[in-house]
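Asker: Mind looking over this structure? Questions follow.
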Amino acid sequence: QVQLVESGGGLVQPGGSLRLSCAASGSIFSLYAMGWYRQDSGKQRELVARITSAGSTNYADSAKGRFTISRDNAKNTVYLQMNSLKPEDTAVYYCYLDLSTGRAWGQGTQVTVSS
C-alpha cells in the first residue's frame, strides 16, 4: 500500500517562499504522475501543479511563474517550490500519486500567507 507524507507547510508573510515535500512509500513511485492540490475552507479543491513520470509539468494559471513542481525518483519525493506567495495562496495543500489502481492522497499540510 502506498503512503504519502507531506511536510514544509507553515506561516509565511506575503512575498515569501515555502517548499513543500511529499514523500511516497513503495518502489512504483517513478512510474506515475504526481501533483499537488489545494483547498481553502469553503472552496473547492483545485489542482495547483502536476508532474508526469517523464517530468512534464502543468500548472494552474494562479501558480504559473511563481510555483515549481519537481520530483526526485531516487528519494521517492515530489516538491512544490512556492515563491512570491500571496494571501490567496492560503490553503491546505495535498499531494497525490496516480496508481494503476486509483489515486493515493497525502494527509495535507497547511500553508498560511499573512502579515
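The values are calculated or read from the model by the stated rules, or taken from the named source; none is laboratory data. Just so you know, these numbers come straight off a predicted model, no measurement behind them. Virtual Cβ from ideal backbone geometry, glycine too; neighbours counted across all protein chains shown.
Asker: Given the condition of a type in the set (A, V, I, L, M, F, W, C) and at pLDDT 95 or above, answer yes or no: does some residue in the stretch 65-72 qualify?
Answerer: The answer is yes; a qualifying residue exists.
Asker: Which ones in the stretch 8-30 are in contact with a Ser or Thr (Cβ under 9 Å, 6 or more places away or on another chain) and modelled with pLDDT under 95?
Answerer: Of everything in the stretch 8-30, those that are in contact with a Ser or Thr (Cβ under 9 Å, 6 or more places away or on another chain) and modelled with pLDDT under 95 turn out to be Ala23, Ala24, Ile28, Phe29, Ser30.
Asker: Find all pairs meeting these conditions: Cβ atoms under 6 angstrom apart; at least six residues apart or on different chains; first residue within the stretch 37-52 and under 9 Å from Tyr94 (Cα atoms); second residue hydrophobic (A, V, I, L, M, F, W, C).
Answerer: From residues that are under 9 Å from Tyr94 (Cα atoms), the pairs are Tyr37/Leu47; Arg38/Val48; Arg38/Ala91; Gln39/Ala91; Gln39/Val92.
Each row is one residue, and each column tells you yes or no for (1) of a type in the set (Gly, Ala, Ser); (2) surrounded by 20 or more Cβ atoms within 10 Å (Cβ to Cβ); (3) closer than 17 Å to Val2 by Cα; (4) free of Cβ contacts under 8 Å to residues at least 40 places away in the same chain.
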{"site": "Ala54", "(1), (2), (3), (4)": "yes, no, no, yes"}
{"site": "Ala63", "(1), (2), (3), (4)": "yes, yes, no, yes"}
{"site": "Thr68", "(1), (2), (3), (4)": "no, no, no, yes"}
{"site": "Lys75", "(1), (2), (3), (4)": "no, no, yes, no"}
{"site": "Val78", "(1), (2), (3), (4)": "no, yes, yes, no"}
{"site": "Gln81", "(1), (2), (3), (4)": "no, no, no, no"}
{"site": "Leu85", "(1), (2), (3), (4)": "no, yes, no, no"}
{"site": "Glu88", "(1), (2), (3), (4)": "no, no, no, yes"}
{"site": "Tyr93", "(1), (2), (3), (4)": "no, yes, no, no"}
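Asker: Here is a further query. State all residues of the stretch 68-115 that are in contact with a Phe, Trp or Tyr (Cβ under 6 Å, 6 or more places away or on another chain) and within 15 Å of Pro14 (Cα to Cα); if no residue qualifies, say none.
Answerer: Met82, Val111
Asker: Another question about this same structure. Test of understanding: among Thr52, Thr57, Thr68, which residue is under 16 Å from Val111 (Cβ atoms) and among the hydroxyl-bearing types (Ser, Thr, Tyr)?
Answerer: After applying the criteria, what remains is Thr68.
Asker: Let me ask another. Please state which one of Lys43, Lys86, Lys75, Lys64 is of a type outside the set (S, T, N, Q), in contact with a Pro (Cβ under 9 Å, 6 or more places away or on another chain) and more than 20 Å from Ser100 (Cβ to Cβ).
Answerer: Lys86
Asker: Continuing with this model, one more query. Could you look through the stretch 31-45, keep only residues that are surrounded by 14 or more Cβ atoms within 10 Å (Cβ to Cβ) and among the hydroxyl-bearing types (Ser, Thr, Tyr), and pick out the one that is modelled with the lowest pLDDT?
Answerer: This residue is Tyr32.
Asker: Consider only pairs whose beta carbons are under 8 Å apart and that are at least six residues apart or on different chains; among these, list those whose first residue lies in the stretch 97-114 and is closer than 20 Å to Ala33 by Cβ and whose second residue is β-branched (Val, Ile, Thr) and part of a loop (DSSP other than H, G, I, E, B).
Answerer: Matching pairs, first to second residue: Leu97/Val2; Leu99/Val2; Leu99/Ile28; Ala104/Val2.
Asker: I'm checking my understanding of the structure. Among residues of the stretch 1-19 that are of a type in the set (A, V, I, L, M) and assigned to a strand (DSSP E or B), which one is surrounded by the fewest Cβ atoms within 10 Å (Cβ to Cβ)?
Answerer: Leu11
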